[in-house]
Amino acid sequence: MKSTSIPASVSVIGLGNMGVALADAFLNGGHPTTVWNRSADRAKGLVGKGAVLAGSVAEAITASSLVVVCLSTYKVMQDLLEPLENELSGRVIVNLTTGTPEDARKSAKWVSERGGQYLDGAIMAVP
Ligand SMILES: NC(=O)c1ccc[n+]([C@@H]2O[C@H](COP(=O)([O-])OP(=O)(O)OC[C@H]3O[C@@H](n4cnc5c(N)ncnc54)[C@H](OP(=O)(O)O)[C@@H]3O)[C@@H](O)[C@H]2O)c1
């Protein structure tokens, strides 16, 4: 049976080797995809495939209720999200950055205290 669901919009923060692969998969799946990376040139290929390049992390977060984060470390994620703590309410943050269970628990608590939902994942594959 043909699905009638509308593909969810998603924002991807962090376009390293893995973030580019994740955003590419979302685009291939038909999801309206907004991307942000510190070095904006990493987004070129994705923008060519239809991604929207956000001018700031704030723009990327507010563009979608589903936000996928894949950065080098949890510290980088925390530094980027902390100034935007008032924007997290009602959003789902999926963090695929590699870290410890303790990192994941702390991030889950921090996001939920700001009204968001948090899912932590570990990628067991190469891009
Ligand atoms: N690649 C893999 O095979 C693989 C497999 C499993 C899990 N993972 C995990 O996935 C995560 C990302 O891996 P990756 O391979 O994509 O790493 P990567 O290619 O080194 O990319 C690192 C990302 O973090 C960003 N970043 C680093 N420091 C930053 C800062 N101070 N402010 C803002 N952005 C910053 C980089 O931005 P710039 O582009 O501007 O430097 C880039 O988007 C890591 O936690 C890694 O352990 C990767």
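What the table shows:
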item	result
Within-13-Å neighbourhood charge of VAL35 [Cβ basis; K, R +1; D, E -1]	+1
1.4 Å probe accessible area per residue over the chain, in Å²	57
Rounded percent of accessible protein surface that carbon and sulfur make up, the chain, 1.4 Å probe	56
Normalised alpha carbon radius of gyration of segment 10-120 [divisor 2.2 N^0.38 Å]	0.98
Net charge of neighbours whose Cβ lies under 13 Å from the Cβ of SER89, counting Lys and Arg as +1 and Asp and Glu as -1	-1
Relative contact order of the chain, defined on C-alpha pairs under 8 angstrom at six or more residues apart (%)	23
LEU119 long-range amide H proximity, modeled H, under 5 Å	ILE93, VAL94, ASN95
Under 13 Å, Cβ to Cβ, from ASP120 - net charge with Lys/Arg +1 and Asp/Glu -1	+1
Residue-wise HN-Hα coupling along segment 76-85, computed from phi with Karplus coefficients 6.51, -1.76, 1.60 (Hz; x: Gly, Pro)	4, 4, 4, 4, 6, 8, 3, x, 10, 4
Pairs of lysines in the chain (C-alpha under 28 Å apart; 8 or more residues apart or interchain)	4
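The values are calculated or read from the model by the stated rules, or taken from the named source; none is laboratory data. Because the structure is predicted, anything quoted here is derived from the model rather than measured. Here Cβ is always computed from backbone atoms with ideal geometry, including for glycine, and neighbour counts include all displayed protein chains. Keep in mind that these areas ignore ligands, DNA and RNA; they rest on the heavy atoms of the full protein, side chains included. Shrake-Rupley method; radii C 1.70, N 1.55, O 1.52, S 1.80 Å.
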